[in-house]
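I have placed the structure first, in the form of structure tokens, so that the comments after it can refer back to it.
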């Protein structure tokens, strides 16, 4: 029991370390979107946005996997949803 709690806490730390920069990326994308991304850099914007979405989805899948094992990971709420 104690080992699973330690593993759970370790996973939460890792997920926080991923989600915090991901939130910053989302906020930066939101800013760029409001500023109208120039056509010549749109492809880079799209790459960053799609990659961030993949990371966000991977985090959700990982949390779901833990939930299916009966472990609930409490993470900060999303401040930016990638669309």
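Numerical summary
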| item | result |
| --- | --- |
| Chain lengthening between residue 53 and residue 24 when straightened (0.36 nm per residue, less Cα-Cα) | 9.1 nm |
| Calculated diffusion of region 2-68, Stokes-Einstein form, Kirkwood radius summed over Cα pairs, 10 °C and 1.306 mPa s, µm²/s | 116 µm²/s |
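Taken together, the values in this text are just the output of simple stated rules run on the coordinates, not laboratory data. As the structure is a computational prediction, the values presented were derived from the model and not from experiment.
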